[in-house]
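Colleague: What follows is a single structure, and I will ask about it in a moment.
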Amino acid sequence: MTYEVQNSDFTDRVKKWIKKIPSGKVATYGQISSLAGHFNGARQVSWILHSCSAKDKLPWHRIINQRGTISLKPGSGFEKQKTLLEAEGVLFDKHNRIDLDRFLWMPNETIFAEKKWCFFDK
DNA sequence: CATATGACGATAT
DNA sequence: AATATCGCCATAT
């Protein structure tokens with residue numbers, strides 16, 4: 001069963017930002033949510049990907065969680081996402097974690113600094 | 001209208 | 001360090 005995301009400015013902005021993530025970089029759910037206007041709307045981002053990442057041809061595999069790991073479970077897309085990212089040059093350590101200092105996409109450092117959306121200083 | 005859900009995130013225990 | 005709980009958001013039922 002497929003779901004249609006209804007008209008929502010927030011949802012539209014989320015999808016717009018997701019499409020901007022360049023190959024070889026990753027973004028977090030919360031980061032995309034922040035860029036789209038809600039610093040704490042990460043759950044909606046996951047729902048959007050769950051419902052229409054295929055239909056809208058979104059680079060869904062470039063979205064990971066804040067800890068730098070893949071949120072999908074083994075057997076439910078984890079391996080596929082890891083394969084896609086590795087094909088783009090994203091490296092995983094022995095704990096299947098991505099170094100956000102190296103691979104996190106930072107489209108506008110000024111915005112992040114001013115809004116204090118601290119994704120990078122941990 | 002009320003509740004449940006999810007590929008989340010931060011905080012509390 | 002590992003869970004548990006709560007907050008948030010749009011959608012589903």
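Colleague: Where residues in the stretch A:22-54 are assigned to a loop (DSSP other than H, G, I, E, B) and closer than 18 Å to A:E88 by Cα, which of them is nearest to DNA strand C (Cβ to nearest atom)?
Modeller: Here is the first cut: in the stretch A:22-54, the ones assigned to a loop (DSSP other than H, G, I, E, B) are A:22-25, A:36-41, A:53-54.
Still in the running and closer than 18 Å to A:E88 by Cα: A:22-25.
Values: A:P22: 26, A:S23: 27, A:G24: 28, A:K25: 24 Å.
Within the stretch A:22-54, the match that is nearest to DNA strand C (Cβ to nearest atom) is A:K25.
Colleague: Of the residues A:K94, A:K82, A:K73, A:K57, which is surrounded by 12 or more Cβ atoms within 10 Å (Cβ to Cβ) and either within 15 Å of DNA strand C (Cβ to nearest atom) or not polar (S, T, N, Q) (or both)?
Modeller: Values: A:K94 fails: surrounded by 12 or more Cβ atoms within 10 Å (Cβ to Cβ); A:K73 fails: surrounded by 12 or more Cβ atoms within 10 Å (Cβ to Cβ); A:K57 fails: surrounded by 12 or more Cβ atoms within 10 Å (Cβ to Cβ).
The match here is A:K82.
Colleague: Inside the stretch A:89-98, can you point out the residues that are in a loop (DSSP other than H, G, I, E, B) and either at pLDDT 95 or above or touching a strand residue (DSSP E or B) at 6+ places or on another chain (Cβ under 7 Å) (or both)? Even if it seems obvious, please write down each step before you answer.
Modeller: Within the stretch A:89-98, the subset in a loop (DSSP other than H, G, I, E, B) is A:89-91, A:93-96.
Listed by number, the residues that qualify are A:G89, A:V90, A:L91, A:N96.
Colleague: Limited to the stretch A:61-88, what total is found for residues that are over 15 Å from A:L100 (Cβ atoms), modelled with pLDDT of 95 or more and among the polar types (S, T, N, Q)?
Modeller: 2
The values are calculated or read from the model by the stated rules, or taken from the named source; none is laboratory data. Just so you know, these numbers come straight off a predicted model, no measurement behind them. All Cβ positions, glycine included, derive from the backbone under ideal geometry; neighbour counts span all protein chains shown.
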